[in-house]
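Written below as structure tokens is the structure these notes are about.
Throughout, read-outs are computed from the coordinates displayed, never taken from laboratory work. These numbers were taken from a predicted model, which means no experiment stands behind them. Glycine gets a Cβ as well: all are built from the backbone with ideal geometry, and neighbour counts include every protein chain shown.
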Amino acid sequence: MVLNEWMELKFRSFGVGVHVGVTFFKIFYKKKINNFTLQFVYTEIIIKGTKLICIPNYKYLINHTCRLKAVNRYKSVVFMDAYIRNQLNNVTVNAALYARNDVNTYNPFLINFTQNICWYLCNHRFGTYMKVFMDVLFRYTNVNHSCPYEGLLVAKGLYFEGNSMSALFPKGSYKGVFIFYEGYPLDHIGTVEYYADLYDVKKMQKKKFFKMRHPIKITFFILSLNTISLVYTNNVIKATKIICIQNSKYFVNHTCRLKPVNRYKSVAFLDGYLRKELRNVSVNIALYARNDVNTYNPFLVNFTQNICWYLGQKQFGTYMKVFMDVLTQYTNVNHSCPYSGLLIARNLYLEGNSISALFPKGTYKGVLIFYEGYPFDHIGTVEYYAELFEARKILKKKKIK
């Protein structure tokens, strides 16, 4: 097909133009693309819990638990429970809000009120802020009836809807302090401190038009007088630094280095000789994201798992599966325990496309701490610094005759 015929078909309609472009692509690369999509971008207000502190009074509460669970990069939910030792007949709450300023201190912001929960549950008359608080109690806890309260108090999957708060508060970081009292004069029951970030995120909704075989996202075509270039975007994870800390009780003669391959890729080489046989290896994996002031804060991932048990069972969670795929592909830790002799990792790197759906673009630090036995005995630590970014590449230029 000559250039004039291609141009005529392309400008006849958008649909024909895209079809002809894809046809050219099939001719040039002898492969099929996985899909052709349109992406619609929209913004959504998000409140993500970052920290939770619970301080009970053991006169009233025993066996309490208090934790945050990360659901995805935009959402963390609260799980709390405690057993009431003395029946609660007249519960009051003081709710105060604090906003974080530029020097990372929390100042009082807009809200500080004290209300009797029992009275409000009987009368069903709430102010604006008390209504938001009570809606959360009704939906996620068993404090959904009038007083008294006894037995087990439970909160499961608790979180705040971002869109319901966007009209009340500006974007930023906040701390909510909830102090609960019994009777009058007020007797302290417990305190909950909830830290959260309020921000807006851009999300993409994809509409798939047709399916093909090889996964590449087309960005645009560049058409010059006698050439056609196909440009596509690809998510890249490039390692920038690696630090290894060994316990000489277990390792000798270890090496740990990064080798740059090109401007988009660096691979890791690690090896060490085991002085003792490892029979029960556990790993703690924590992820940290770098903020605007170049400090690394905990981000989304922090878990501890037994590698030997997982290699025997072949059952992995999402993050553990990514980690184990890397281990089995690039190291000789690809069999069940025990481990002895030389441990090797060659050309180790992370695929950008496998991670891009989980994390936003930015700079990260992964800390992997390995232990032996129980109670844990430290084997060694690996700190892996990397950047996740989007790179544009030109696949090929083809002259049109």
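Working note: Debye formula, equal point scatterers on the alpha-carbon atoms of region 71-120, no solvent; log10 I(q)/I(0) at q = 0.13, 0.19, 0.22, 0.30 Å⁻¹ is -0.62, -0.97, -0.98, -1.03. Counting only Cα atoms, the size of region 253-378 along its three principal axes is 43, 30, 26 Å, in decreasing order.
Label reach from N347 (point 7 Å along Cα→C-beta): in region 259-273, amide nitrogens under 20 Å belong to 259-272.
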